[in-house]
1. Restricting to the stretch 203-227, and then to whatever is buried (at least 21 other Cβ atoms within 10 Å of the Cβ) and not in a helix (DSSP H, G or I), can you tell me which residue is farthest from ligand 2 (Cβ to nearest atom)?
2. Would you be able to tell me the number of residues in the stretch 148-169 that are part of a helix (DSSP H, G or I) and closer than 21 Å to residue 210 by Cα?
3. Which of the residues spanning the stretch 98-110 are touching a strand residue (DSSP E or B) at 6+ places or on another chain (Cβ under 8 Å) and either crowded, with 22+ Cβ neighbours inside 10 Å or not in a strand (DSSP E or B) (or both)?
4. Against the definition (within 16 Å of ligand 1 (Cβ to nearest atom) and crowded, with 21+ Cβ neighbours inside 10 Å), how does residue 265 come out, yes or no?
5. Going residue by residue through the stretch 113-125, is there one that turns out to be in contact (Cβ under 8 Å) with a residue 12 or more places away in the chain, within 16 Å of ligand 1 (Cβ to nearest atom) and part of a loop (DSSP other than H, G, I, E, B)?
6. Here are the criteria: (1) outside the structural domain of residue 51 (by TED's automatic domain parsing); (2) assigned to a loop (DSSP other than H, G, I, E, B). Tell me which single one residue 66 does not satisfy.
7. Could you look through the stretch 345-377, keep only residues that are in contact with a strand residue (DSSP E or B) (Cβ under 7 Å, 6 or more places away or on another chain) and part of a helix (DSSP H, G or I), and pick out the one that is nearest to residue 323 (Cα to Cα)?
Ligand code: SAH
Ligand code: SF4
C-alpha cells in the first residue's frame, strides 16, 4: 500500500461531543462492582443500601447507556444529586470517525494526557466485531507491525477500554431506549470484541480483565465470554490467567514455524520460544475442542509462507485444539515485508485444512482508511506529521 491511501468515503466527519472527566469527580465507568460499591459508600450511600444502589447505577450505565444522573428515574432526587456531586460518567473523546467503502468504521479516540488510540468496527453478515486497543503503542517490536514501531506510551485504564465499547454503541445507536424492553432482540451490532487493536493485552492484564468482566456482566452490556477474543504475542506467564480470570477466547500471534524466524518477527520469542509457548498452550486451562485456540499467522512473502512452513505448523499444532487464521500482510509505509501472493496463501491454507484444522484467510477490512490489522495508528501518525508540516509551512 502506498503512503497516499485513497481518501475515505466520509473523511474525518462527526466529532461527537462527549463529557470529559470532571476534575475532582470520580468516573464511574470502568469500576468493578466491588469498586463501585466502595465509591458509593465513600460518597455517603448507607452500607445497607449499597448492593441495591450498585445494581441500579450499573444498569443505568451499562444496560441503558445513560450518562446523566438526572435520567436515572428510579433513584430519588436527593440521591441523584449526591451522585452528580461526586461522580461523572465519562468516555474517551471521539476525535474523528472514518467510514470505509466496505462499511468498516475507525474511531480516533483521545484519552487523558492527550494520547490517542484507534478503535475499529467491522460489520459482517449478522454480526459486528469491535477491535479494541489495550495500550497506547506497544513495548514489543514485532517487525511486521506498525504499532510495534511506536514506543509504549502507557497502559489504558479499564474506563478507557470499556469506554471504547460504549462509544461504539453510541455511534451505532445500540443502547435500548429506557422503557422499551431489553433491547436485546435481533442481532447485535457490536456482537463480538477482539483485543487486537494497539498494544499487548497481557502486559496490561488487570485493566483488560476488569474491563472485559464489566463488558460480560449479564446486567449490563452482557456480551458472552465466547464472543470476546484476546490476542497475545505470547506472554507465557500470563496466558493461563486469560482462562481463569476472564474466560474469553484466546488467539496467539504465532506467525513462524522456527525459532530462527519467530525471533525476528515476534521478538518476544527470544524470551519464550516456540516450545515454551506450545507447552503453555497444551496446559491452558480453557482448552477444549469446542473452545479452540486461534493461531494467527501473517503471510509474508518469502519469509514464512512456504509449503514446508505449512507442514511444520501442522506438526507443531499436534495435540492442541486449534484453528489457524491466515492474515494477508497489510503493508504500511516503510514496512520491510510484502504480502504473500494469493496462490501461496491458498496453498498454505490447503495444507492446514487437509490436516484437519480450520484455516480461514482473513479478508483485510477497512484498508482504504488504514484500519486493517497492524496498520493502526499509522494514519494518525501520518496525519500528525502532516499537521506539523502544515504548521511549519504556515509558520504557525
Ligand atoms: N499485541 C497483540 C494484539 C494486537 S495485534 C498481538 O500481537 O497478538 C492483532 C493481530 O494483527 C496480531 O496477530 C498481529 O500479529 C497482527 N498484525 C500486526 N501487524 C500486522 C500487519 N501489518 N498485517 C497483518 N497482521 C498484522
Ligand atoms: Fe505489539 Fe502485537 Fe504489534 Fe507485536 S503484533 S508489536 S505485540 S501490537
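1. My answer is 221.
2. Let us first name the residues in the stretch 148-169 that are part of a helix (DSSP H, G or I), namely 148-149, 158-169.
Those left that are additionally closer than 21 Å to residue 210 by Cα: 158-169.
The total comes to 12.
3. Going through the stretch 98-110, the residues touching a strand residue (DSSP E or B) at 6+ places or on another chain (Cβ under 8 Å) turn out to be 98-100, 103-110.
Within the stretch 98-110, 98, 100, 103, 104, 105, 106, 107, 109 meet the criteria.
4. Numbers: within 16 Å of ligand 1 (Cβ to nearest atom): yes; crowded, with 21+ Cβ neighbours inside 10 Å: yes.
So residue 265 fits the description; yes.
5. Going through the stretch 113-125, the residues in contact (Cβ under 8 Å) with a residue 12 or more places away in the chain turn out to be 113, 115-123.
Checking which are within 16 Å of ligand 1 (Cβ to nearest atom) leaves us with 117-122.
Cutting the leftovers down to part of a loop (DSSP other than H, G, I, E, B) gives us none.
Checked against the condition, which is being in contact (Cβ under 8 Å) with a residue 12 or more places away in the chain, within 16 Å of ligand 1 (Cβ to nearest atom) and part of a loop (DSSP other than H, G, I, E, B), the stretch 113-125 yields no hits at all.
6. Failed condition: (1).
7. Restricting attention to the stretch 345-377, the residues satisfying the condition of being in contact with a strand residue (DSSP E or B) (Cβ under 7 Å, 6 or more places away or on another chain) are 345, 348-349, 352, 357-362, 364-366, 369, 371, 373, 376-377.
Now restrict to residues that are part of a helix (DSSP H, G or I): 345, 348-349, 352, 369.
On the way: 345: 16, 348: 14, 349: 11, 352: 9, 369: 29 Å.
Here the residue is 352.
For every residue, the table says whether it meets (1) away from ligand 2 (no atom under 15 Å from the Cβ); (2) modelled with pLDDT of 95 or more; (3) within 26 Å of residue 261 (Cα to Cα).
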position	(1), (2), (3)
108	yes, no, no
112	yes, no, no
119	no, yes, no
128	yes, yes, no
151	no, no, yes
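The values are calculated or read from the model by the stated rules, or taken from the named source; none is laboratory data. Computed from a predicted structure; not experimentally measured. Please note: Cβ atoms are built from the backbone with ideal geometry, for glycine as well, and neighbour counts cover all protein chains shown.
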